[in-house]
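Notes for the one structure printed next.
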Amino acid sequence: MVWKYINNIKKFSNSLRDKKCDAFAAQAAFFLILSFIPFIILLSSLIQYTPVTQQNLISGITEVFPEYIQPIIISIVDEIYNKSRGVIPITIIASIWSSAKGVQYISNGLNAVYEIEETRSWLFLRVRAAFYTILFVIVLILSFILLIFGNHIQLILSQHFEFVSEVTKIIISLRAVIAIVVYVLFFNVVYKVLPNRNTTFLSQFPGALLAALLWSGFSFGLSIYIDYFNGFSMYGSLMTIVLVMLWLYVCMYIILICAQLNKAFEKKILNLSKK
């Protein structure tokens, strides 16, 4: 019985290797990182049309974000406020269009996992990838801030805004549950929409649930490292970039691993749902 499970694990691992899931995960992570900057530029450029000044924005960044990530964000904000407003939207559109390759590589990876060929038009895939890139980046940034820097942000808010201390404490304490629910819905959409095939949300639920748990668990482990290992801050913004790249690569790999799990069990799930 034990050897049977060991052989199944080996087959599962070999299947991931043969389908080059690690390469797809690395490619997706790289291009999604490229889309982070345009998204931050978009948010910052929209803030220019509000009463919030550049100094207000920088003050907020220094209050909320850890010291080792502040220089990266502040440099982007400075660049935005020093550029012409007309140039920024064009830059954003061009950047998001090119960085949409990240979602396209996830789609290619899922097609490889499910062993199907891509037959949809290039234009459709690129426009769809651009839309899902924005969605991906929103989920990734929120999850990175909430799950990894959540304790730090809660501490800052409780020190400066006592009236929201209890509310933020409740939200941070429930962040894992909130994140898992959002992740399950998000991954279900990813597994249902991105591959070139028709399937049901129910058949993709096991992989979506496991992906949500693994993603949250890995992010939580990373947050513990940041909170308790002071050596991280010694390397400043350089270590932040490395950390984001590592986190994103593992998260992309988790998506493909759980897709392989869905492929293994979806026939059984569909048969059970028909009975």
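The values are calculated or read from the model by the stated rules, or taken from the named source; none is laboratory data. These figures come from a predicted structure and were not determined experimentally. Cβ sites come from the backbone with ideal geometry, for glycine too, and all protein chains shown count toward neighbours.
Taking the stretch 207-256 on its own, how many of its residues are at pLDDT 80 or above and hydrophobic (A, V, I, L, M, F, W, C)?
Residues meeting the conditions: 19.
Run down I41, I37, I58, I76 and say which single residue is at pLDDT below 75 and either over 22 Å from the mean Cα position of the chain (by Cα) or part of a loop (DSSP other than H, G, I, E, B) (or both).
Exactly one residue qualifies, and that residue is I58.
For residues that are part of a helix (DSSP H, G or I) and buried (at least 19 other Cβ atoms within 10 Å of the Cβ), scanning just the stretch 190-206, find the one that is modelled with the lowest pLDDT.
Among residues in the stretch 190-206 that are part of a helix (DSSP H, G or I) and buried (at least 19 other Cβ atoms within 10 Å of the Cβ), the one modelled with the lowest pLDDT is S203.
Look at E63 and say whether it is among the acidic types (D, E), at pLDDT 65 or above and assigned to a helix (DSSP H, G or I).
no
Please specify each residue of the stretch 96-130 satisfying the condition of being without any contact (Cβ under 8 Å) to a residue 12 or more places away in the chain and hydroxyl-bearing (S, T, Y).
S121
Tell me, which residue of the stretch 172-189 that is at pLDDT below 85 and closer than 23 Å to T133 by Cα is surrounded by the fewest Cβ atoms within 10 Å (Cβ to Cβ)?
V181
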